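Structure first, then comments.
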Amino acid sequence: MTNSAGSRVERPARGCETQEAPSKLRALIFDVDGTLADTEEAHRCAFNEAFQQLELQWTWSKSLYAHLLLVAGGKERLAAYIESLDVGPAERRALLDRIDAIHRAKTENYTRKLRAGEVPLRAGVARLIGDAVQSRIHLSIASTTTFANIDALLRTTLGPAAIDRFTVIGAGDQAARKKPAPDIYEYVLRQLNASPEECIAIEDSANGLRAAKAAGLYTVVTPSYWTYTEDFSAADMVLPSLDSLLGIRELERQLTRGTH
């Protein structure tokens, strides 16, 4: 395994762990879209369904959507797309006024897909969550998506009581600025009453990484199909998936080393 600078992150051999300083890891803070699950294709399809339902002659291809993902937040993404259209000022204003309705239809389409089981968790996510719960480490979320989307994903993939495993849910409407601003991470840290040095952020995108690092957090990145070409040089650890981790103890060791 390598860190963000390409250097090898050494692991002790199984059963041969050396004595280390006590862990101060109190919480894992997860991003949602692309991190807990590869949700972006479901989001893209939900947007396209909403466009058809509202008689908008738009289709977001995978390549276009990958570009639009550089803008954090669904409503903000719609606004950026509308601003790029070759339309007159009056039509542009009319389209911008429809953003709430478009996004509402998209959210309904997306949550339907989640409830149908179309969006599984990424490899290693369920195991790490279970490991953290067993180790009495808090679970939290810092996301630009809506609470409804978070709730639907967790209930569908981890069971009806899954939301109760998370001490803090930081959703998009709880921060004045979207990622890459650190606002949502700062909100979660305040609610946890924890310092950045006691927590680890888990992200998949450059915007998320910038937000987490701006909040002072040790950050693990697991790039997705949509983000693997982005710059993760500032990350503390870059993994193909959370399945690459030995478990929560490895994160505790890395946090202890990284903050000394």
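The values are calculated or read from the model by the stated rules, or taken from the named source; none is laboratory data. These numbers come from a predicted model, not from an experiment. Cβ coordinates were reconstructed from backbone atoms using ideal geometry, including for glycine residues, and neighbour counts include every protein chain displayed. The area values use the complete protein model at the heavy-atom level, side chains included, leaving out ligands, DNA and RNA. Shrake-Rupley method; radii C 1.70, N 1.55, O 1.52, S 1.80 Å.
Key figures for this structure:
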{"item": "Number of positions in the stretch 25-71 that are of a type in the set (Val, Ile, Thr) and touching a residue at least 40 places away in the same chain (Cβ under 8 Å)", "result": "4"}
{"item": "Condition check for Thr222: open to solvent by 30 Å² or more (accessible area, probe 1.4 Å) and of a type in the set (Val, Ile, Thr)", "result": "no"}
{"item": "Residue that is most open to solvent (accessible area, probe 1.4 Å), among those in the stretch 145-168 that are over 17 Å from Leu114 (Cβ atoms) and of a type in the set (Val, Ile, Thr)", "result": "Thr167"}
{"item": "Breaking point among (1) surrounded by 13 or more Cβ atoms within 10 Å (Cβ to Cβ); (2) under 19 Å from Asn149 (Cα atoms), for Ala116", "result": "(1)"}
{"item": "Hey, Leu121 under 19 Å from the mean Cα position of the chain (by Cα), surrounded by 13 or more Cβ atoms within 10 Å (Cβ to Cβ), modelled with pLDDT under 95 and of a type outside the set (S, T, N, Q) or not", "result": "no"}
{"item": "Filtered residues of the stretch 45-68 (kept if under 27 Å from Ala201 (Cα atoms) and open to solvent by less than 30 Å² (accessible area, probe 1.4 Å))", "result": "Tyr65, Leu68"}
{"item": "Sole residue being in contact with a Pro (Cβ under 6 Å, 6 or more places away or on another chain) and among the hydrophobic types (A, V, I, L, M, F, W, C), chosen from Ala214, Ala201, Ala181, Ala162", "result": "Ala214"}
{"item": "Checking Arg210 against (1) open to solvent by 20 Å² or more (accessible area, probe 1.4 Å); (2) more than 15 Å from the chain's Cα centre (by Cα), the condition it does not meet", "result": "(2)"}
{"item": "Within the stretch 93-103, tally of residues that are open to solvent by 40 Å² or more (accessible area, probe 1.4 Å) and either outside any helix (DSSP H, G or I) or under 22 Å from Ile184 (Cβ atoms) (or both)", "result": "2"}
{"item": "Every pair of residues 6+ apart whose Cβ atoms lie under 9 Å, when the first sits in the stretch 179-200 and is farther than 11 Å from Ser140 by Cα and touching a residue at least 40 places away in the same chain (Cβ under 8 Å) while the second is of a type in the set (A, V, I, L, M) and open to solvent by 50 Å² or more (accessible area, probe 1.4 Å)", "result": "Pro180/Ala214"}
{"item": "Given (1) small (Gly, Ala, Ser); (2) open to solvent by 20 Å² or more (accessible area, probe 1.4 Å); (3) in a helix (DSSP H, G or I), index of the condition Gly216 fails", "result": "(3)"}
{"item": "Count of the stretch 242-260 residues which are under 16 Å from Ala201 (Cβ atoms) and assigned to a loop (DSSP other than H, G, I, E, B)", "result": "2"}
{"item": "Some residue of the stretch 228-236 being out of contact with any Ser or Thr (no Cβ under 8 Å at 6 or more places or on another chain), polar (S, T, N, Q) and free of Cβ contacts under 8 Å to residues at least 24 places away in the same chain", "result": "yes"}
{"item": "Ala116 vs. criteria in contact (Cβ under 8 Å) with a residue 40 or more places away in the chain and over 15 Å from the mean Cα position of the chain (by Cα)", "result": "no"}
{"item": "Enumeration of residues in the stretch 122-154 that are in contact with an Asp or Glu (Cβ under 9 Å, 6 or more places away or on another chain) and outside any helix (DSSP H, G or I)", "result": "Arg122, Ala123, Gly124, Ser135, Ile137, Ile141, Ala142, Ser143, Thr144, Thr145, Thr146"}
{"item": "Every residue from the stretch 175-201 that is part of a helix (DSSP H, G or I) and buried (at least 17 other Cβ atoms within 10 Å of the Cβ)", "result": "Asp183, Ile184, Tyr185, Glu186, Tyr187, Val188, Leu189, Leu192, Pro196, Glu198"}
